[in-house]
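The values are calculated or read from the model by the stated rules, or taken from the named source; none is laboratory data. This one's a predicted model, so the numbers in the text were calculated from it and none came from an experiment. Side chains included, ligands, DNA and RNA excluded: accessible areas come from the protein's heavy atoms. Shrake-Rupley method; radii C 1.70, N 1.55, O 1.52, S 1.80 Å.
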Amino acid sequence: MLRKGNEAMIRDILVNLAVGKKSDVAAHYAISVARLTDAHLTGVAFAHEPLVPGTIFDGVSASIIASYRAETGAAAKAAADEFEKAARTAAIEYESRVFSASVEGAAEAFGRLARRYDMSIVAQAEADAVIDGLVIEAALFDSGRPVLVVPYIQTEGIKLDRVLLCWDGSRNAARAFGDAMPLLERSRSIELITVASKDDSRDEIAGADMAHHLARHRLRVELKRIVAPDGDVGATILSHAADMGADLIVMGGYGHSRLREFVLGGATRTILSSMTVPTFMSH
């Protein structure tokens, strides 16, 4: 990561634009992040290709397919235009791109694109939004870069008054902390938590070591240890985030690929489905 003096820098951000929706929480949030970090922001909108199984293709007229493509293309162009208008108003450096792809192809394309950016920003998937879930998983597991997921209920831009770091001693969490350093250095207060299923002093020692490491970066860190007796780590994190009024959660993202389908870890799955706070993840 490039640095200016002692400050880590985010200079290039990718955001997945909402197509066919009244509001775009990811774009709004990404614009605020770009303003904060003085970064260039690229908005990507996907015009989805119709899913027509080969066995029924002959029964679908070319005009219907052409009409669908024109409709999704117009919606993607409208999303890109709206993004550009908001970015101009915010006086940030920006560009937009529109691609045509299938639902799965769009997610794969976004994951590949994200490899060439410092971070990507996407919206939380609503219950019926399959494509949004696939995009999140591709950005997290395929890009090799961090992803910032914005709750679909988010109304404000980025705030860093209170940041919650979730430490479990893992490689993924360490990666997330390092990737998030440009944001941590702009925060006002940081709470570092370890979550255990029972009373175990080893978690506290590991958390103390990480707190000392962050302090050497001149970050003000408060260490807390939380017990999740029912073993639901994700719910425990979200509950604590609400109690402390967290503006951002930073944590490792867990899961693996099985036959080209992603299987999310328990805590990651809970956070992504029930989040109320923007969450920065690395894998």
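Can you give me the accessible area per residue for the chain, using a 1.4 Å probe, in Å²?
50
For the Cα atoms of the chain, what angle does the longest principal axis make with the long axis of helix 103-114, in degrees from 0 to 90, nearest 10?
Around 50 degrees separate the two axes.
Quick check on the chain: helices-only [θ] at 222 nm, where DSSP H runs of length 4 and up contribute -39,500 (n - 2.57) each and the sum goes over total residues. Nearest 500, please.
The helix contribution divided over the chain gives -13000 deg cm²/dmol.
Summarise the long-distance tail of P(r) for segment 77-135 by giving the % of C-alpha pairs beyond 16 Å.
Cα-Cα pairs of segment 77-135 separated by over 16 Å account for 57 percent.
Any chance you could look up the accessible area of residue 121 with a 1.4 Å probe, heavy atoms only, rounded to 10 Å²?
0
Alpha carbons only, please: Rg and Dmax for segment 9-158, in angstrom.
Answer for segment 9-158, Rg first and Dmax second: 15.7, 54 Å.
Which value, in nm² and rounded to one decimal, describes the direction-averaged projected area of the C-alpha convex hull of segment 103-243?
Mean projected area of the Cα convex hull: 9.5 nm².
In the set (i) 41.7; (ii) 15.8; (iii) 13.5, which value of mean projected area of the Cα convex hull in nm² was calculated from the structure you see?
(ii)
Treating the angle as unsigned and between 0 and 90°, give the value, to the nearest 10°, between the Cα long axis of helix 62-90 and the longest Cα principal axis of the chain.
Approximately 40 degrees, to the nearest 10.
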